[in-house]
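The values are calculated or read from the model by the stated rules, or taken from the named source; none is laboratory data. Given the structure is predicted, the values throughout are model-derived calculations rather than measurements. Note that each Cβ is placed from the backbone with ideal geometry, even for glycine, and that neighbours are counted across all protein chains shown. Quick note on the areas: whole protein, heavy atoms, side chains included, nothing else; ligands and nucleic acids left out. Shrake-Rupley method; radii C 1.70, N 1.55, O 1.52, S 1.80 Å.
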Amino acid sequence: MLRRRVGSTALAAARYFSAGAAAKPALKDGAVSRSAPEAGGGDTLGKRLLSLVYSKRSAVIAIRKWKEEGHKVQKYQLNRVVRELRKLKRYKHALEICEWMNIEDDIKLQSGDYAVHLDLIAKVRGLSSAEKYFEDLPDRLKGQPTCTALLHTYVQHKESSKAKALMDKMSECGFLKNPLPYNHLLSLYISNGQLEEVPGVILELKKNVSPDVFTYNLWLTACASQRDVETAEKVFLELKKAKIEPDWVTYSTLTGLYIKNSLLEKAAFTVKEMEKRVSRKVRGAYSSLITLHSNMGNKDEVRRIWKKMKSHFQKMNDAEYNSMISSLLKLKEFEEAENLYSEWESVSPTGDSRIPNLLLATYINKNQMETAENFFDRMVQRGIKPGYTTWELLTWGYLKQKQLDKILDCFKKAVGSVKKWDPDEKIIREVFRILEEQGHVEGAEQLLVSLRKAGHVNTEVYNLLLRTYAKADKMPLIVSERMKKDKVLLDDETHNLIKLTSKMRVSEVSICLS
């Protein structure tokens, strides 16, 4: 039962979870940002905790050792470290610090501290653990901050029904006194594509509180998803009448909408307004500027922004190289993109396969498979581990050339490179189409094995397999038994294909591979 009370620190604590807050780039694990707590000279607890590079190392041991050396441990210092660790996405160590503070009698926790603790549990241990943590809290701590943190968790896990139910409870308890919870719900509906829910949430919000700039930005995002220029401009006018200062996100969203609708004159104006509001504190905005200018075909502006970024920041991160290389490729500046990739390759320690995948995709789309293969070899030699997208791109490339052995090998490596594969029906059908076209029953069986290991075997997959046998004029063995073992139902097409292939010559491929 949620108590009808709101702590004095509710709004401040809730801001930790704001869906509208601009994301800050994460530093490499173990790095200390310039804004790190206690960044001065000398040994400090903050420095020790931030220097725990590997997740297996314990933050609790570091704190205990600090105390054993006779130093004091103060809550405000640990809160600053937790905040910094969350920026760096080092959630495990942040959670360890929160758990240590929770059991220390001389540290008095506030509602906002429990909200942060809940958020970290969700990130490290999952949704069910976060829900249990919330349920186990005393009623007095189930206030606005912890409810907002749980709502944020539901949003991250795209749990629409749970989020709506929690919002109803928060409304009953008088916890909807600021726009943040509504912004969370708007963010969820937009990410889930439930755009029809947006007007109702906006209407409900206005009955209780005044929208903030994040609300308007989310509303504009919904308009942009529907390419609704007229409504977007009305929303922007309402924002101005409410005397709310639009930020760079506001103008970025409007610019993207105008570009989609080929309103380039309006886009040129809003992108200029956007740049006026971009500062070094919102580094990610520069990448957005580059992308928008490339979508408008402004080559010189893309290069100008990139040069400006290099003058502001000592090093470019992977996301920035990604946006610039993508933009150059979109603008068909292939040689310049290749040169920039070489620069990234020489300075980046991450080995992030998403960057080379940009060029690999370009070579494959241009039907330059020999160049693509040489580039892939270069990736591997430089120690870049191919990811799912890498293998998927190569699969599509070999599909164009109908090189079955390479198709099957790359597809197998693609589905084997991820813990949980999100099935791509299009590529499955295309691989089977080539196999059927060539009557390659051995390959079809190999593909079935790969799909079974990935946990994706259904009626359509078996029907595609049977079509390959039919094309090869061969009869598969014990298909019905195999489908039963895989808990796959037979439909009319399955029965017809089994009947058709039963009149053909016997094949033993099924027995060998199953």
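Rounded to two decimals, what is Rg over Rh for the chain when you use alpha-carbon atoms and the Kirkwood radius?
On the way: Rg = 27.6 Å, Rh = 27.0 Å.
Across the chain, the Cα-based Rg/Rh ratio is 1.02.
Averaged per residue, what accessible area in Å² does the chain show with a 1.4 Å probe, protein chains only?
Numbers: 26340 Å² over 514 residues.
Normalised by residue count, the accessible surface of the chain is 51 Å².
As a test of the formula, what do you get for the chain when each DSSP H run with n ≥ 4 contributes -39,500 (n - 2.57) and the sum is divided by the residue count, at 222 nm and rounded to the nearest 500 deg cm²/dmol? Please list the in-between numbers first.
Details: 29 runs with 340 residues, N = 514.
Roughly -20500 deg cm²/dmol at 222 nm, from the helical runs in the chain.
When the Cα centres of the stretch 251-321 and the stretch 425-488 are compared, how far apart do they sit, in Å?
47 Å
Given the Cα-Cα distance of LEU500 and LEU203 and 0.36 nm per residue of separation, how much length would full extension add, in nm? Walk me through the numbers on the way to the answer.
Values: separation 297, 0.36 × 297 = 106.92 nm, distance 6.02 nm.
Additional length available on full extension: 100.9 nm.
How many nm separate the modelled label positions at VAL418 and LYS72, each set 7 Å beyond the Cα in the direction of the Cβ?
5.2 nm
Which whole-number percent gives the relative contact order of the chain, counting Cα pairs below 8 Å spaced six or more residues apart?
Values: 615 pairs, mean separation 41.8, N = 514.
So the answer I get is 8 percent.
Once you have the Cα-Cα distance between ASP492 and LYS56, take 0.36 nm times their residue separation minus that, and quote the gain in nm to one decimal. Each step should come with its number before you reach the end.
Numbers: separation 436, 0.36 × 436 = 156.96 nm, distance 5.40 nm.
151.6 nm is the gain from fully extending ASP492 to LYS56.
Full extension from LEU263 to GLU233: what is 0.36 nm times the residue separation minus their Cα-Cα distance, to one decimal in nm?
Values: separation 30, 0.36 × 30 = 10.80 nm, distance 1.29 nm.
That pair, LEU263 and GLU233, stretches by 9.5 nm at full extension.
HN-Hα J couplings of the stretch 502-507 from phi, Karplus 6.51/-1.76/1.60, θ = phi - 60°, integer Hz, Gly and Pro as x?
Going residue by residue, I get 5, 8, 9, 5, 6, 10 Hz, with x marking Gly and Pro.
Computed FRET efficiency, Cβ-Cβ of LYS484 and GLN401, R0 51 Å: what is it to the nearest 0.05? Each step should come with its number before you reach the end.
Working: r = 37 Å, r/R0 = 0.73.
Plugging the Cβ-Cβ distance into 1/(1 + (r/R0)^6) gives 0.85.
If you wrap a convex hull around the Cα atoms of the stretch 287-347, how much volume per residue is inside, in Å³? Walk me through the intermediate numbers first.
Working: hull volume 4.1 nm³, N = 61.
Each residue corresponds to 67 Å³ of Cα convex hull volume.
Please give, to one decimal in nm, the separation of the simple spin-label points placed at LYS366 and LYS89, each 7 Å out from Cα toward the Cβ.
Output for this residue pair reads 3.0 nm.
Using a 10 Å cut-off on Cβ atoms, rank the peptides 366-375, 269-278, 416-425 from the highest mean neighbour count down. It would help to have the intermediate numbers written out before the result.
On the way: 366-375: 14.7, 269-278: 17.6, 416-425: 11.8.
The densest-packed peptide leads the list: 269-278, 366-375, 416-425.
Quick check: at a probe of 1.4 Å, how many percent of the accessible area of the chain sits on carbon and sulfur atoms? Walk me through the numbers before you get to the answer.
Details: 13240 of 26340 Å².
Heavy-atom surface of the chain belonging to carbon and sulfur, 1.4 Å probe: 50 percent.
Evaluate the distance, in nm, between pseudo-label points positioned 7 Å from the Cα of GLU343 and of ASP377 along their respective Cα→Cβ axes.
Inter-label distance under the simple model: 2.8 nm.
For the modelled label position 7 Å from the Cα of GLU336 along Cα-to-Cβ, which residues of the stretch 243-271 have backbone nitrogen atoms closer than 20 Å?
Taking a point 7 Å out along Cα→Cβ of GLU336, the residues of the stretch 243-271 whose backbone N falls under 20 Å are 268, 271.
Mind running the shape call on the stretch 105-186? Use the C-alpha gyration tensor, a ≥ b ≥ c as the square roots of the eigenvalues: rounded below 1.5 for a/c, prolate if a/b tops b/c, oblate otherwise. Numbers along the way, then the final one.
Details: a/c = 1.85, a/b = 1.25, b/c = 1.47.
Cα axes put the stretch 105-186 in the oblate bin.
Can you list residues from other chains, or at least 5 along the same chain, whose modelled amide H is less than 5 Å from the amide H of MET475?
ARG505, VAL506, SER507
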